[in-house]
Every structure is written in C-alpha cells, then in structure tokens.
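First up is the structure itself, then whatever we jot down about it.
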Amino acid sequence: MQSEPREIGYLTYDVLKKKIGLPSRERLAKGPVAIVECIEDIPCDPCVEACKLGAISKASLTAPPDIDYEKCTGCTSCVDVCPGLAIFVINMNYREGKALVSIPYEMLPVPKRGERVDALGRSGRKIGIGEIVKVRKGAGATFVVSVAIGKDLAMEARSIRIQGKRNE
C-alpha cells in the first residue's frame with residue numbers, strides 16, 4: 001500500500017502520477033516542461049500570473065494548479081514565484097545521458113556554476129551527484145538553480161546539497 005504524503009512527510013512519484021498527472025514520455029522528449037508538485041487546496045496563484053503563455057490555470061483560487069503540458073515551454077518563470085517551492089522544470093534533452101532539472105533554491109551559500117552537488121530526492125535523501133549549469137536570481141530570496149543529472153534521476157531529484165564546506 002502506498003503511503004500518503006501526510007503520513008510520510010513528502011510526496012512520492014506514484015502519488016504525483018495519481019493526483020496531478022505528469023507529462024507523458026513523449027512530452028518530456030520534446031524539451032523542457034514545468035511540473036507543479038502541489039496537491040494542496042490552498043489560496044495561492046502566483047504561478048498562474050507568472051505564466052505568460054497561459055499554460056498554468058486553476059479551477060478556483062484554492063484548487064491545485066493544472067499545467068497544459070503542450071503549452072508549457074519550460075521557461076522557469078513560474079519556478080521562483082511559488083511560495084511552496086513546488087515547481088520544477090525538467091529538460092530530458094539537455095545532453096546525452098543527462099537531464100537538466102531547474103529547482104527553486106533558498107539556502108546559503110548559493111551554489112556556483114560548475115560546482116558538483118548532491119542531488120536529493122523528495123524525502124531529502126541523496127540520490128546522486130549533479131553539476132550546477134546555471135543559477136538565476138528570482139523573486140525575493142529564491143534562486144532558480146539548474147542542475148545536470150542522470151536522466152534516470154530527473155523525475156526524482158528535487159533539491160541539492162552543496163558538497164563539503166567552502167569559504168565565501
């Protein structure tokens with residue numbers, strides 16, 4: 001039996017597939033696409049306002065967002081405006097054997113381009129190693145960090161941890 005998020009403290013891939021529907025393999029193969037991992041009924045809509053293509057909609061202010069994966073270009077404009085840090089962009093076409101995952105990031109120090117980092121899954125456990133490709137300052141204290149990782153980890157990697165200590 002699949003555990004519910006409130007029981008284990010995080011969303012699982014199976015729960016996401018069931019509750020929000022994820023982009024098809026065919027859509028993922030076309031290029032970057034946003035995934036909203038929000039299943040809560042809360043009054044929130046900055047992602048809808050941020051999407052200039054109208055790819056994100058909500059049935060009501062408190063309904064979870066819906067993404068029209070065919071309209072979405074994976075521009076990342078929605079990633080840094082989500083107060084729940086629940087939007088990610090996946091690009092399965094980044095490089096041979098590598099995907100690019102763009103994540104919201106609010107920790108210090110901010111990673112640097114070229115830096116190797118631990119890729120963390122939804123539970124916070126290390127699932128692999130990635131390399132920072134791009135860091136963009138977003139809204140408020142949120143950065144959008146794009147990390148190259150193995151394609152097999154792209155649908156699971158949702159955060160990063162800087163390896164070791166470094167002096168700023």
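Every number here is computed from the coordinates shown, using simple stated rules; none is lab data. In this text, all values refer to a predicted model and were calculated from it rather than measured experimentally. Note that each Cβ is placed from the backbone with ideal geometry, even for glycine, and that neighbours are counted across all protein chains shown.
This ranking places 87, 149 by how few other beta-carbon atoms lie within 10 Å of each, fewest first, which gives 149, 87. Panel order for 129, 35, by other beta carbons found within 10 Å of each beta carbon, from fewest to most: 129, 35.
Rg and Dmax, both from the Cα atoms of the range 5-162 and both in Å, are 14.6, 41.
Of the cross-linked pairs 30/126; 30/52; 18/151; 71/112; 52/151, those separated by over 24 Å at the C-alpha level are 30/126; 71/112; 52/151. Take every Cα pair under 8 Å whose residues are at least 6 apart in sequence, average their separation, divide by the length of the range 5-162, and the relative contact order is 20 percent.
Going from the fewest other Cβ atoms within 10 Å to the most, the residues 88, 143 appear in the order 143, 88. Shown for the chain: cysteine residues without a partner Cβ closer than 4.7 Å, namely 38, 44, 51, 72, 75, 82. A convex hull fitted around the alpha carbon atoms of the range 119-159 yields 73 Å³ per residue. Extending 7 Å from the Cα toward the beta-carbon at both residue 125 and residue 52 defines two label points whose distance is 4.1 nm. Extension gain, residue 106 to residue 40: 0.36 nm times the residue separation minus the Cα-Cα distance gives 21.6 nm.
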